[in-house]
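Read-outs throughout are calculated quantities, based only on the coordinates presented, and are distinct from any laboratory measurement. Everything numeric in this text was worked out from a predicted model, so none of it was measured. Cβ coordinates were reconstructed from backbone atoms using ideal geometry, including for glycine residues, and neighbour counts include every protein chain displayed.
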Amino acid sequence: MLASGTTLFNLKGLLRSFSDSSGLHVNFSKSFLVPVNVSEEKGSHLVQTFGCDVGSMPFTYLGLPLGTTKPSILDFSPLVTKIERRLSGISRFLSYQGRLILVNSVFSALPTFYMCYLQLPPTVINQIDRYQKHCLWSGGDINRKGSCLAAWDIACRTKEEGGLGIVNMKSQNVALLIKYLDKFYNHADILWVSLTWSKLYSNNSTPPHARSPIGSFWWKDIMKLMDKFLLMAKCNTSKDNSVLFWHDNWLQDTVKSSFPQLYSFTKKPKCSLRFFVDQSLDRLFHLPLSIQASNQVTDLQAVLQEGVWDREEDDYWVYSWGSSTYNSRKAYKCLQGSYEASPLFSWLWSSGNLGKHQFIFWHLLKDRLNTRNLLWRKNKALDDYSCVICSLKKQASIYSLNAHSAPHVGTT
């Protein structure tokens with residue numbers, strides 16, 4: 001379509017007309033063209049027509065690295081550099097409470113746009129966590145070592161569970177990406193969803209997550225999160241083509257665990273529910289069946305007859321928080337899990353004390369306050385490990401004892 005010169009000039013004319021009518025001018029000198037499956041001759045013809053430069057993949061669009069291959073660690077260097085620059089700011093002049101606010105409001109927010117679309121490499125996540133640790137515990141000094149007063153997994157728990165409420169980058173990344181699985185399996189009215197179903201998963205005998213990941217690198221990364229998606233979602237079947245009959249939890253429990261003897265005879269361990277219902281026994285099982293397996297066939301047929309499916313509607317998924325609407329914040333809580341903690345932590349952060357006082361008291365509750373006793377356990381070299389206050393009390397008691405035991409000297 002772009003091979004003819006007339007079409008190229010018409011396209012450029014449309015852009016000019018749009019600029020004249022809206023006042024938004026296209027700066028062709030700052031734009032570039034990325035040829036895809038285009039010969040070098042046609043590419044140079046396009047560039048000369050539009051008056052722009054030639055680009056190549058990967059390139060940056062809205063801050064995100066885009067290309068036909070998976071982004072490398074180097075492609076995320078602008079994000080890492082942006083976070084590193086924050087360390088050289090005012091963090092060294094803040095108290096622990098101020099640094100905590102800086103970590104939760106700035107360091108945790110900067111990678112969010114990236115994490116909504118791409119799966120960050122573990123190296124990048126570890127580097128971001130490292131900068132957050134230096135900001136919180138070292139005041140931005142990346143050369144200081146041994147200053148962490150609490151394990152990072154404890155700091156990433158909620159404040160009610162004894163943590164500091166810092167966002168776990170890995171869990172946050174997964175929670176933000178699972179929304180694409182929600183759109184895909186609920187057959188959202190989006191072009192990429194219908195295109196993916198029709199081009200990659202037109203065969204209804206095997207659900208998508210039962211196959212090896214196919215498609216682009218981005219979609220393969222999304223499908224690898226299916227195990228975590230199934231931990232928080234349960235399918236309400238209708239067309240029955242998106243759930244595994246034996247392994248997925250579409251009943252109260254998986255069919256495999258409810259009918260183990262029958263499962264040992266199956267020919268199709270990764271078939272969909274729709275495929276199982278539409279096939280005969282000789283295509284599903286290795287015959288003859290044992291007595292226990294035959295009894296389980298009868299029980300399973302009774303369960304299937306109780307189910308009512310509307311084959312005109314698509315399957316939809318319900319989440320563990322009791323809603324069919326996906327919520328990334330609730331998904332993050334499911335991925336993080338829950339921990340038991342003393343009610344003192346809830347009281348601490350809801351009290352009206354100053355933030356720096358709350359943080360010190362949190363250290364005290366966690367036994368992370370750098371007292372001489374704790375420094376002695378950490379093998380820190382000190383001249384004296386005894387408590388100063390206890391020593392003063394001991395000296396005062398000795399002085400009082402000497403004063404009472406001393407003989408009375410009179411005057412003449």
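Once you have the Cα-Cα distance between residue 25 and residue 321, take 0.36 nm times their residue separation minus that, and quote the gain in nm to one decimal. Intermediate results must be reported in sequence, preceding the final value.
Values: separation 296, 0.36 × 296 = 106.56 nm, distance 4.82 nm.
Length difference between fully extended and current span is 101.7 nm.
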Q. On a 0 to 90 degree scale, rounded to 10, what angle separates helix 5-22 from the longest Cα axis of the chain?
A. 50
Q: Please give the contour-minus-distance gain from residue 221 to residue 270: 0.36 nm per residue of separation, less the Cα-Cα distance, rounded to one decimal in nm.
A: 15.5 nm
Q: For region 5-56, restrict the atom set to alpha-carbon positions and state the Rg and Dmax in Å.
A: 11.8, 34
Q. How many nm separate the modelled label positions at residue 95 and residue 300, each set 7 Å beyond the Cα in the direction of the Cβ?
A. 6.5
Q. For residue 39 and residue 105, what is the calculated FRET efficiency with R₀ set at 56 Å and r taken between the beta-carbons, to the nearest 0.05?
A. 0.65
Q. If you count the DSSP beta bridges with both ends in the chain, what percent of them are antiparallel, to the nearest 5?
A. 80
Q) Under the rule of -39500 (n - 2.57) per DSSP H run of 4 or more residues, summed and divided by the residues of the chain, what mean residue ellipticity at 222 nm is obtained, to the nearest 500 deg cm²/dmol? A) -14000 deg cm²/dmol
Q: Arrange the following residues from fewest to most other Cβ atoms within 10 Å of their Cβ: 44, 171.
A: 44, 171
Q: Would you mind getting me the FRET efficiency between residue 292 and residue 353? Use the beta-carbon distance for r and R0 = 45 Å, nearest 0.05.
A: 0.10
Q) Which label belongs to the value computed from this structure, given these candidates for Kirkwood radius over Cα pairs in Å: (1) 27.8; (2) 22.8; (3) 25.0? A) (1)
Q) Where does the longest stretch of the chain lie that holds no chymotrypsin sites (Phe, Trp or Tyr not before Pro) found in a DSSP loop with 14 or fewer other Cβ atoms within 10 Å? A) 118-320
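Across the chain, where is the longest run that never hits GluC sites (Glu not before Pro) in a DSSP loop with at most 10 other C-beta atoms within 10 Å?
1-311
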**Q.** Relative contact order computed over the chain (Cα-Cα under 8 Å; 6+ residues apart), in percent
**A.** 13
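With only Lys, Arg, Asp and Glu charged, each at its Cβ (+1 for the first two, -1 for the last two), find how big the charge dipole of the chain is about the Cα centre; round to the nearest 20 debye. Don't skip to the end; give the middle numbers.
Numbers: 45 positive and 31 negative charges, 345 e Å.
Around 1660 debye, computed over the chain.
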Q) What is the pair-distance distribution P(r) of region 1-119, computed from all Cα-Cα distances in 10 Å bins starting at 0, with each bin given as a whole percent? A) 10, 27, 24, 21, 12, 6, 1
Q: Quote the FRET efficiency, to the nearest 0.05, computed for residue 151 versus residue 10 with a Förster distance R0 of 56 Å and r equal to the Cβ-Cβ distance.
A: 0.35
Q) Could you give the dipole magnitude of region 201-328 about its Cα centre, charging the beta-carbon of Lys and Arg +1 and that of Asp and Glu -1, in debye to the nearest 20? A) 540
Q) According to a simple spin-label model (label point 7 Å from Cα along Cα-to-Cβ), what is the distance in nm between residue 258 and residue 365? A) 4.3
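With the convex hull built on the Cα atoms of region 170-274, state its orientation-averaged projected area in nm².
7.2
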Q. So how much slack lies between residue 59 and residue 211, counting 0.36 nm per residue of separation and subtracting their Cα-Cα distance, in nm?
A. 51.6 nm
Q: Rounded to the nearest 10 degrees, what's the angle between the helix 169-185 long axis and the longest principal axis of the chain, both from Cα atoms, 0 to 90?
A: 20
Q. Using alpha-carbon positions, what is the distance between the centroids of region 72-109 and region 45-66, in Å?
A. 31
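To the nearest 20 debye, what is the magnitude of the charge dipole of region 207-268 about its Cα centre, counting +1 on the Cβ of each Lys and Arg and -1 on the Cβ of each Asp and Glu?
180
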